[in-house]
Number of protein chains: 2
Amino acid sequence: MDIQNLIDNTFKKYGLKKTIFRKELFKLFYDSLNSLSAKEISKQFSSSTDKASIYRALDSFEKSGLIHQVPDKNNLLRYSLCKSECKPNNHAHDHAHFLCSVCEETFCLDDFKLPSAKSHNGFLINHLKIIMEGTCVRCKSI
Amino acid sequence: MDIQNLIDNTFKKYGLKKTIFRKELFKLFYDSLNSLSAKEISKQFSSSTDKASIYRALDSFEKSGLIHQVPDKNNLLRYSLCKSECKPNNHAHDHAHFLCSVCEETFCLDDFKLPSAKSHNGFLINHLKIIMEGTCVRCKSI
DNA sequence: TTAGTAACGCAAATGAGTTGCACTTATATA
DNA sequence: TATATAAGTGCAACTCATTTGCGTTACTAA
């Protein structure tokens, strides 16, 4: 599905209005290799764009299954674009996240196989997250 | 090693003073099955105990290898007692953490085997964290 | 074209965590 | 045992991410 259809379909399905800001925001995620925080997003828009609007848009996008939260070194809210298999209110991410200690960016490692255990010592496991820390490909070769 | 020796040895080694508050704080961790946040700790002490003291003590304890940070549903700082194999400034935790969606507590799953990969697609992995979400043993049987 | 409502901008609030500073107290040693 | 010193404390003020209330704007569907 291309970006325009994705926006059309999903925005319609969830009663989200296709405002200039939200369309731009979505494109920003689409064009970004990695994840984005509210502060980073803010820098990409004119100063008249309010942070409240950014936070509300991120929240809507997440609930609609367009983006998902990823871990952040400094405990900030940080998001990445979802793959197509993500359903609204039911993110189906089975990938690991990688925090680079050098550039501090967060990467989705889409092909890292997660352990599939559904329980452990009586604990019932619904979701499992793996967060790796280290040096990313790019920083390694600098 | 019993708690009194542990406090004596570690506090001495790191030049930490055995104040009434810090001894009580350490006991609180020792007696607690799970993890503690600053707010939860605050409730256990008189109102004259300042939050700055709590945060500073937690920071010292962590640096000394007595407690370690654990994940929290709401991105709060949250800590658990370390096992004896932890060294100061070099926490050696190879266990997974479990967040219960019912009681919202965090548990250390000491015997869950973590993947041991040291690299993945050119990403160099130094540390690896596993965070599980689901229903804990206790809540499951209620 | 227009009514209804999602989204917006602005301002103020919230709340976790931090910092500066003067005072207190544990500890080491004389 | 007295005392110096440096760690720890309490208080107040601060930072900064995120949230909320509210009146206004602008999509969207009819």
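For region A:28-40, indicate whether the set of residues that are without any contact (Cβ under 8 Å) to a residue 24 or more places away in the chain, more than 22 Å from A:Leu114 (Cα to Cα) and crowded, with 19+ Cβ neighbours inside 10 Å is non-empty.
no
Quickly run through region A:116-139 and pick out the residues that are at pLDDT below 90 and at the interface with chain B (Cβ under 7 Å from one of its Cβ atoms).
Matches in region A:116-139: A:His127 only.
Hey, could you check region A:60-79 for residues that are closer than 15 Å to A:Gly15 by Cα and either open to solvent by less than 70 Å² (accessible area, probe 1.4 Å) or hydrophobic (A, V, I, L, M, F, W, C) (or both) and say which is nearest to DNA strand C (Cβ to nearest atom)?
A:Ser60
Could you tell me how many of the residues in region B:15-56 are more than 8 Å from DNA strand C (Cβ to nearest atom) and either of a type in the set (S, T, N, Q) or in contact with a His (Cβ under 9 Å, 6 or more places away or on another chain) (or both)?
Here the count works out to 10.
Quick one: B:Ser84 ticks every box in (1) open to solvent by less than 30 Å² (accessible area, probe 1.4 Å); (2) at pLDDT below 85; (3) among the small types (Gly, Ala, Ser) except a single one, so which number is it?
Result: B:Ser84 fails condition (1) only.
Just one of the numbered conditions (1) closer than 25 Å to B:His127 by Cβ; (2) at pLDDT below 95; (3) open to solvent by less than 80 Å² (accessible area, probe 1.4 Å) is not true of A:Asp8; which one?
(1)
Confirm whether A:Cys103 is surrounded by 17 or more Cβ atoms within 10 Å (Cβ to Cβ) and more than 24 Å from B:Leu76 (Cβ to Cβ).
Answer is no for this residue.
The values are calculated or read from the model by the stated rules, or taken from the named source; none is laboratory data. Since the model is a prediction, treat every value here as computed from it, not as a measurement. Positions of Cβ are backbone-derived with ideal geometry, glycine not excepted, and every protein chain shown enters the neighbour counts. The area values use the complete protein model at the heavy-atom level, side chains included, leaving out ligands, DNA and RNA. Shrake-Rupley method; radii C 1.70, N 1.55, O 1.52, S 1.80 Å.
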